[in-house]
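Encoded as structure tokens, the structure appears first; notes follow it.
The numbers here are math on the coordinates, done by the rules we state, and not lab data. These numbers were taken from a predicted model, which means no experiment stands behind them.
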Amino acid sequence: MFVSSSGAFVAPVMAALAAGGYTAVAVGGLITCIIYTVFGLVFTRVPVEKIYKVFPPALIGAVTVVIGVNLMPFILSYV
């Protein structure tokens, strides 16, 4: 799920670029990598059934759809 939601970072990267330039984007990317590493280590040690109690499949699907729908205007103007 985490890899497929990477499109959620388009808006924050654009905002960081406008606010602080490439340095802000690089720092944000580094912080994101650290956070993803921590989540990855935690989620590899927790059984899937426990994860689904906190993040049910319907919630994961809904979040993915919301991210995709919100990115559609950007993608259409980008292409």
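For Ser77 and Ala24 in one chain, what is 0.36 nm times their gap in residues minus the Cα-Cα distance, to one decimal in nm?
Values: separation 53, 0.36 × 53 = 19.08 nm, distance 2.42 nm.
Value of the extension gain: 16.7 nm.
Given a cut-off of 19 Å, what percent of all Cα-Cα pairs of the stretch 4-78 lie beyond it? Value for the stretch 4-78 (Cα pairs over 19 Å): 53 percent.
Per-residue ellipticity at 222 nm from helix content only, as computed over the chain with -39500 (n - 2.57) for each DSSP H run of at least four residues, stands at -28500 deg cm²/dmol.
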